[in-house]
1. Quick check: residue separation of R124 and E18 times 0.36 nm, minus the Cα distance between them. What number comes out in nm?
2. Equivalent ellipsoid semi-axes for segment 32-87, as square roots of 5 times the alpha carbon gyration tensor eigenvalues: give them largest first, rounded to whole Å.
3. Calculate, in nm to one decimal, what H133 and F65 gain on full extension: separation in residues at 0.36 nm each, minus their alpha carbon distance.
4. For the chain, just list the percent of Cα-Cα distances falling in each 5 Å bin from zero outward, please.
5. Taking the Cα centre of the chain as the origin, how large is its charge dipole in debye, to the nearest 20, when only Lys and Arg (+1) and Asp and Glu (-1) carry charge on their Cβ atoms?
6. Below 15 angstrom from the Cβ of T97, what's the summed charge of the other residues (Lys, Arg +1; Asp, Glu -1)?
7. Pairwise over distinct Cα atoms, reciprocal of the mean inverse distance: report the Kirkwood radius of segment 1-40 in Å, one decimal place.
8. Going by average Cβ density within 10 Å per residue, which order do the peptides 12-18, 57-63 take, highest to lowest?
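Nothing in this text is a laboratory measurement; each read-out follows from the coordinates by a stated rule. Note that the structure is predicted; figures quoted are calculated from it, not measured. A quick note on method: Cβ atoms are made from the backbone with ideal geometry, for glycine too, and the neighbour counts reach across all protein chains shown.
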Amino acid sequence: SVERRKGWEEGLRECGLEPDPRFISSRRDPNDHYRDLETMLALPKEERPTAFLCTDDNRALRVQFVALRRGIRIPEECEMAGFGDLSASGFYYPVSTTAQPLDQIGAAALRRVTGENPDELPLRQLFPVELIHYAQQQPVI
């Protein structure tokens, strides 16, 4: 998630925008993350974020929960995207996410651990992800 955040910050800067520290929550504890979200979404409508890019689907679910509890309309007033495609399609309002090639990641990890051709295996390996856009128009009932 550290590299995802760096990528997000670089993307903003490439667009001429600076990340606003008021809208970044790096907390690991879910209760602390909820408090951060409550603070962000309690701002006046013209100041609060209208979209959240979350480092995982569980964080996106927390955004959705807090937004709905505060009466913020999804997707009209707040959208969110997660990472991992772990549970995004099952949210009340499905959120966009990315799917990871877990079979490829697992196979590469196994090769690294078992020592299969250790000189040929990179210490760090990037895998492609697939963007899955779930329309946020209607709740799933």
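1. 35.3 nm
2. Details: eigenvalues 66, 28, 18 Å².
Square roots of five times the eigenvalues give 18, 12, 9 Å.
3. Numbers: separation 68, 0.36 × 68 = 24.48 nm, distance 1.94 nm.
Result for the pair: 22.5 nm of gain on full extension.
4. Whole-percent P(r) values from 0 Å outward: 2, 9, 16, 18, 18, 15, 9, 6, 4, 2, 1, 0.
5. So the magnitude is around 440 debye.
6. Charge balance near T97 sits at -2.
7. 11.1 Å
8. 57-63, 12-18
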